[in-house]
Amino acid sequence: MVRTFAALMLGTAVLAATACQKAPTGSQNSTVAAPATQIAWREGDVNDAFAEAREQNKPVLLYWGAKWCPPCNQMKQTLFKDAGFIAETKNFIPVHLDGDAKDAQLWGEKFGIAGYPTVIILRPDHTEVTRLSGSSAAPQLAEVLKVTATRTTTSEDLLRRADNPASLSADDWRLLESFDWFDDPKHFDDPKKTSAFLGKLAAAAPNAAVRRHLTLVTLIVGVDGEKPVLTPAQQQQVTSVLPAILASYDEVKANRQELSGGAASLVVALKDPAARKTMSASLIAAQDRLAADPTVSPGDRLTTVNADITIGKAANGGKVPPAVLAKVRARVASADKSATDPQARQAIISDAGQLLDDAGDRPGARRLWESELSRSIAPYYYMVDLASLAEEDKDNAAAIGWYRKAAETAQGPATRIQWAILYSQGVLRLTPGDKAAVEQSAGMVIDALGKNGAGYAERTRKKSAKWAEALKTWSKAHGGAAVLARLDAKLAQSCTGGRCENALKG
């Protein structure tokens, strides 16, 4: 399927932080300003936001997201509604940049953004102070805003000094605890190097809880796939760090996404059967407590059942036990019933279907996603999920149908390019002998590129280059030179005026 823990699904627990205030009683004219109930986002105009930042001598809080993105919608439902976090944003110039907005992709390239959502603190001169991990709790991120409101040190300087952790201040550690290690391709695109860097930080952490958190992230980054093979040193780290985290509910909440997404794979990789059994039970118990905690976001409560699926499969020859399947269905049904807001549904229904499929209930996943099409704010997102299910079932006609419909209904220039590429790649993969379909689907990509107003930057450029290479490979294998020549000419015409680059040329 299309999502893995490498993306670390983002979202935060909403911990109520509002307080009642009364106006002083000594004067009829005394008033107290009501606390802000939402972030005062500037929409889209990044240059204007930086101009305002220079005038007011404030840093910029940049949020880069997309309408269809589930973790973005989770962030809107949690972190961006937290009273404490909202209060701290008054010391910033907050700007929201949708990935489909004019020049959005160019700004994303400038700031080294790889995926949605990304939240970055920037100085008025465009230099980065830090980038926030949505897996951190809202109160913790509110503290980060307090630190960064007047901070002049850049993230480049912080990460450089972090190579010698003894030089780090208390404020430095606050930023590193909440840094988004999974969405900074400029510094952390190599898992082995990232793991080594995090391991060094973990060893020097100022307290045990931070050390355990960074060690857990180090392990998740440093192992491969859903079935990791742990070295003896890594096994020792798992058995020493994980039980201590699970023994403290505060640490369970602080590490909730690491626990639901990657910890179970570490546990089932342990060689000692007794340790594996004990830790599996402790992990599931901690996840069940999270699932019952109303202060935890619905998305994070739902994905706790990931641990049951991973552990259940490992203990049952790769098949999910009936009791686990029943548990998954119950959690999904509860989430489906409770999520009534459109953004809340966009945040969790994709994961809900994924959980059903992972647990062996593919028909249930299909029904859930199909029923969501008529009510979703971005139905084309689920069409790609449905195409993936059909493709895994070897129903190529149905898969191509869903990929095409997704491409035809996608909204926003950058999104239309991405979904058209998915459609074209699906045709190349599933029906390579249908030259007419290859040309038609590739033509949709070219049309989308020609209408692109979001900027032809690294994210779009990489996807386009990969698509073009797939077309060239197809042409050589299936005698498609004439088709490729027509597409090349069409792309050259569409890319006039710098709207895109002709990746098919040569």
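The values are calculated or read from the model by the stated rules, or taken from the named source; none is laboratory data. Note that the coordinates shown come from a computational prediction; the quantities given were computed from them, not determined experimentally. As a convention, Cβ positions derive from the backbone with ideal geometry for all residues, glycine included, and neighbour counts pool all protein chains shown.
Out of Ala442, Ala485, report the one residue that is part of a helix (DSSP H, G or I) and touching a helix residue (DSSP H, G or I) at 6+ places or on another chain (Cβ under 8 Å).
Selected residue: Ala442, the only one of Ala442, Ala485 that is part of a helix (DSSP H, G or I) and touching a helix residue (DSSP H, G or I) at 6+ places or on another chain (Cβ under 8 Å).
Would you say Asp357 is in a helix (DSSP H, G or I), farther than 26 Å from Val252 by Cβ, of a type in the set (Asp, Glu) and touching a residue at least 24 places away in the same chain (Cβ under 8 Å)?
So Asp357 fits the description; yes.
Among the residues of region 112-141 satisfying the criterion of being modelled with pLDDT under 90 and hydrophobic (A, V, I, L, M, F, W, C), which is nearest to Leu290 (Cα to Cα)?
Only one residue fits best here, namely Ala137.
Looking only at region 309-344, count every residue that is under 25 Å from the mean Cα position of the chain (by Cα) and in contact (Cβ under 8 Å) with a residue 40 or more places away in the chain and tell me the total.
9
Quickly run through region 153-178 and pick out the residues that are of a type in the set (Asp, Glu), part of a helix (DSSP H, G or I) and surrounded by fewer than 16 Cβ atoms within 10 Å (Cβ to Cβ).
Step one: list which residues in region 153-178 are of a type in the set (Asp, Glu), which gives 156-157, 163, 171-172, 177.
From what is left, the residues that are part of a helix (DSSP H, G or I) are 156-157, 171-172, 177.
Glu156, Asp157 - these are the residues of region 153-178 that are of a type in the set (Asp, Glu), part of a helix (DSSP H, G or I) and surrounded by fewer than 16 Cβ atoms within 10 Å (Cβ to Cβ).
Keeping to region 419-451, report how many residues are polar (S, T, N, Q) and surrounded by fewer than 23 Cβ atoms within 10 Å (Cβ to Cβ).
First, the residues of region 419-451 that are polar (S, T, N, Q): 424-425, 431, 440-441.
With surrounded by fewer than 23 Cβ atoms within 10 Å (Cβ to Cβ) added as a condition, the list becomes 425, 431, 440.
Total satisfying the criteria: 3.
Check off (1) in contact (Cβ under 8 Å) with a residue 24 or more places away in the chain; (2) surrounded by 19 or more Cβ atoms within 10 Å (Cβ to Cβ); (3) not assigned by TED's automatic domain parsing to the domain that holds Gly262 for Leu219 and give me the number that stays unchecked.
(3)
Residue-by-condition table, conditions (1) more than 22 Å from the chain's Cα centre (by Cα); (2) modelled with pLDDT under 90; (3) farther than 22 Å from Ala138 by Cα:
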residue: Pro165; (1), (2), (3): yes, no, yes
residue: Leu201; (1), (2), (3): yes, no, yes
residue: Asn207; (1), (2), (3): yes, no, no
residue: Arg212; (1), (2), (3): yes, no, no
residue: Glu226; (1), (2), (3): no, yes, yes
residue: Arg256; (1), (2), (3): no, no, no
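Residues are listed down the side, and each one gets a yes or a no for (1) crowded, with 20+ Cβ neighbours inside 10 Å; (2) closer than 21 Å to Cys72 by Cα:
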residue	(1), (2)
Arg276	no, no
Pro298	yes, yes
Val324	yes, no
Arg345	yes, yes
Ser371	no, no
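Report whether or not Lys394 is at negative phi and at pLDDT 95 or above.
no
For residues that are β-branched (Val, Ile, Thr) and either out of contact with any Asp or Glu (no Cβ under 6 Å at 6 or more places or on another chain) or farther than 23 Å from Asp357 by Cβ (or both), scanning just region 304-322, find the one that is surrounded by the fewest Cβ atoms within 10 Å (Cβ to Cβ).
Start the filter on region 304-322 by keeping residues that are β-branched (Val, Ile, Thr), which leaves 304-305, 309-311, 320.
Filter once more, so that each one left must be either out of contact with any Asp or Glu (no Cβ under 6 Å at 6 or more places or on another chain) or farther than 23 Å from Asp357 by Cβ (or both): 304-305, 310-311, 320.
Details: Thr304: 24, Val305: 25, Thr310: 26, Ile311: 24, Val320: 20.
The extreme case among them is Val320.
Going by the conditions given, is Glu469 modelled with pLDDT of 95 or more and charged (D, E, K, R)?
It is true that Glu469 is modelled with pLDDT of 95 or more and charged (D, E, K, R).
Condition check: under 22 Å from Val223 (Cβ atoms) and touching a Gly at 6+ places or on another chain (Cβ under 9 Å). Does Thr278 satisfy that? Steps first, please.
Values: under 22 Å from Val223 (Cβ atoms): yes; touching a Gly at 6+ places or on another chain (Cβ under 9 Å): no.
It is false that Thr278 is under 22 Å from Val223 (Cβ atoms) and touching a Gly at 6+ places or on another chain (Cβ under 9 Å).
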